[in-house]
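Just below is one structure, and these are the notes that go with it.
The values are calculated or read from the model by the stated rules, or taken from the named source; none is laboratory data. Because the structure is a prediction, the values reported are computed rather than measured. Every residue, glycine among them, receives a Cβ derived from its backbone with ideal geometry; neighbour counts consider all protein chains shown. Heavy atoms of the whole protein, side chains included, go into the accessibility calculation; ligands, DNA and RNA do not. Shrake-Rupley method; radii C 1.70, N 1.55, O 1.52, S 1.80 Å.
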Amino acid sequence: MPYAVKLVGAPSFTTVGQQQPLQVCALSTEEVEVPTYVQVTLGDKEQRHDIEFSFSNGFPIEFNSVGVHIFDPATLNSCANIVTTFNRRGLYYFYVELKNSNNNETLDREVVVVRVSRNKECAKK
């Protein structure tokens, strides 16, 4: 497939309250310009209250009531720099899709799972 979407730097394991840098990347091996967007869907929409996402400049990224955030437009062969903090322990599933803006066709998808445990300070209490 000539397109790829990647959640780069997402930890497979982290602790509550630990800030994590990551990137959402939209990639293509083709020269053709296709208008695209990236859709990130949480496996559990209720977890939208348990995570903080923002661009590296501090601008917040919010998930809607069904646990979806859309990066629109997405520039192919580029990445968005993001900072995330998980505020509750648990297993978080992220379904990341690169989509064609003209017809909503999925060009690529990736599933990322992050396990979040209690931080050491919480464990002492």
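Across the chain, C-alpha contacts under 8 Å between residues 6 or more apart give a mean separation that, scaled by the residue count, equals a relative contact order of 36 percent. Here the accessible area of the chain is 48 percent carbon and sulfur, with a 1.4 angstrom probe and all protein chains present. Net charge of the neighbourhood of residue 13, taken over other residues with C-beta under 13 Å away and scored Lys/Arg +1, Asp/Glu -1, is +3. I need the P(r) histogram for the range 1-62: all alpha carbon pairs, bin width 10 Å from 0 out to the longest distance, whole percents. Reading upward from the zero bin: 15, 46, 28, 11, 0. A 1.4 Å probe run over the protein chains yields, for the chain, 59 Å² of accessible area per residue, whole-number rounding. For the range 65-125, the dipole from Cβ point charges (+1 on Lys and Arg, -1 on Asp and Glu) about the Cα centre works out to 760 debye, to the nearest 20.
The residues neighbouring residue 116, those whose beta-carbon lies less than 12 Å from its own, together hold a net charge of +3 under the Lys/Arg +1, Asp/Glu -1 convention.
Based only on Cα atoms, what Rg/Rh ratio does the chain have, Rh being taken as Kirkwood's radius?
Numbers: Rg = 15.2 Å, Rh = 15.1 Å.
Over the Cα atoms of the chain, Rg/Rh equals 1.01.
Could you please report the charge total around residue 44, scoring K, R as +1 and D, E as -1 over all other residues with beta-carbon less than 15 angstrom from its beta-carbon? The answer is +3.
Normalising the average separation of contacting C-alpha pairs (under 8 angstrom, six or more residues apart) by the number of residues puts the relative contact order of the range 42-100 at 46 percent.
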